[in-house]
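Worksheet: one structure, shown below.
The values are calculated or read from the model by the stated rules, or taken from the named source; none is laboratory data. Quantities reported herein were computed from a predicted structural model and do not represent experimental measurements. Here Cβ is always computed from backbone atoms with ideal geometry, including for glycine, and neighbour counts include all displayed protein chains.
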Amino acid sequence: MLIVIPMNQEELNTVLQVVENPVRRRIIKRLSQEPCYALQLSKELGLGQPLVAKHLGVMEQAGLVTYSAETSKAGPPRKKYSLARGVSITMDVGPNVFIERGTAFEAQSRRKVTQEIVQLRRRLDRAREAGADRRRLSLLSEVLGDVDGKIEALESERGELLDIRNQAMGEAAQIANKLAGLDMRRVLFHILDEHDKGVESISEALNMREFSVKAILEELERNYLEGA
C-alpha cells in the first residue's frame with residue numbers, strides 16, 4: 001500500500017510546469033511503460049535526440065525522472081531513464097469552482113482501505129502467483145478491467161459531487177456579493193474554499209494584514225457565519 005502525500009504549492013507548480021509540455025507528456029507516458037534510453041525515446045517518438053535529452057534534463061531536475069548508468073562494450077556508459085515517483089494532479093475549473101490538488105505516492109504504509117480494495121489486491125497477488133504466463137496475463141487483464149471500471153465509477157461520482165459543490169458555491173457567491181468591501185468577500189471565499197478560519201493563514205494566503213483579517217472575521221462571525 002502507498003502513502004499518499006499532499007504536495008505543497010511549490011511542488012505542484014513544478015510538476016505542472018513539467019507536464020504542461022505535450023512532448024514531455026509523451027515521454028512520461030512511454031517511461032510509465034518501461035525504462036528507456038534517450039536514443040530509444042528519440043526513435044520511438046520521432047523526436048530529435050537533443051530535444052529528448054533537453055526534456056529529460058528538465059524532468060530529472062524536477063524530480064520526476066531518474067536514470068541508471070549501464071556499461072556498454074561498444075562505447076561509454078548509457079543512461080537508462082525511468083520515472084522516479086508517482087504523482088496525481090487534479091484541477092477543476094468553473095464559474096464557481098477552482099480546485100487544484102497534487103499528491104505524491106511514496107513509500108509503503110499500512111493504511112485502512114475498503115474491502116473492495118483488499119479483494120483487488122488479493123486478486124493481484126493470485127495473478128502474480130498463477131504460474132504460466134498465459135494464465136497470469138489473463139488474470140492481470142481481469143484485474144486491470146475491474147480497476148479501470150472502479151476508477152470510472154469514482155470519476156462519475158466525483159463529477160456529481162463537483163456539480164453539487166458548484167451550485168453551493170454559486171449560492172454562496174450571491175450572498176458574498178452583498179457584502180461591503182472586496183477584502184471581506186476575499187476572506188469569505190477563502191473560508192468557503194479552504195475551510196480555514198485561521199487569522200495567520202488567511203493573512204498569508206491573501207496578503208492582508210492580520211489585524212484587518214481579524215476585524216473582518218469578527219464581522220463575518222457576528223452576521224454570517226453560524227457556529228464559528
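Okay, here's what the table says:
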item: Total residues in the range 12-37, condition among the polar types (S, T, N, Q) and exposed (fewer than 14 other Cβ atoms within 10 Å of the Cβ); result: 4
item: Among the residues listed as GLN9, GLN40, the single one being exposed (fewer than 14 other Cβ atoms within 10 Å of the Cβ) and either under 17 Å from ALA84 (Cβ atoms) or of a type outside the set (Ser, Thr, Tyr) (or both); result: GLN9
item: Residues located in the range 178-228, provided they are more than 25 Å from MET91 (Cα to Cα) and aromatic (Phe, Trp, Tyr); result: PHE211, TYR224
item: Among the candidates ASP146, ASP163, ASP183, ASP193, residue that is surrounded by 11 or more Cβ atoms within 10 Å (Cβ to Cβ), outside any loop (DSSP other than H, G, I, E, B) and touching a Ser or Thr at 6+ places or on another chain (Cβ under 8 Å); result: ASP183
item: Pairs where the first residue, in the range 130-143, is of a type outside the set (Ser, Thr, Tyr) and the second is at pLDDT below 95 and assigned to a loop (DSSP other than H, G, I, E, B), C-beta under 7 Å, 6+ apart; result: ARG136/ALA130; LEU139/ALA130
item: Residue ranges of strands (runs of 3 or more DSSP E) in the range 1-88 with at least 3 members touching a residue at least 12 places away in the same chain (Cβ under 8 Å) and over 30 Å from VAL118 (Cβ atoms); result: 65-72, 75-83
item: Test: residue in the range 136-149 that is closer than 30 Å to LEU225 by Cα, among the β-branched types (Val, Ile, Thr) and out of contact with any strand residue (DSSP E or B) (no Cβ under 8 Å at 6 or more places or on another chain); result: no
item: Residues of the range 25-65 classified as more than 20 Å from GLY102 (Cα to Cα) and touching an Asp or Glu at 6+ places or on another chain (Cβ under 9 Å), total; result: 3
item: Selection count where residues are in a strand (DSSP E or B) and surrounded by 13 or more Cβ atoms within 10 Å (Cβ to Cβ), scope the range 89-98; result: 4
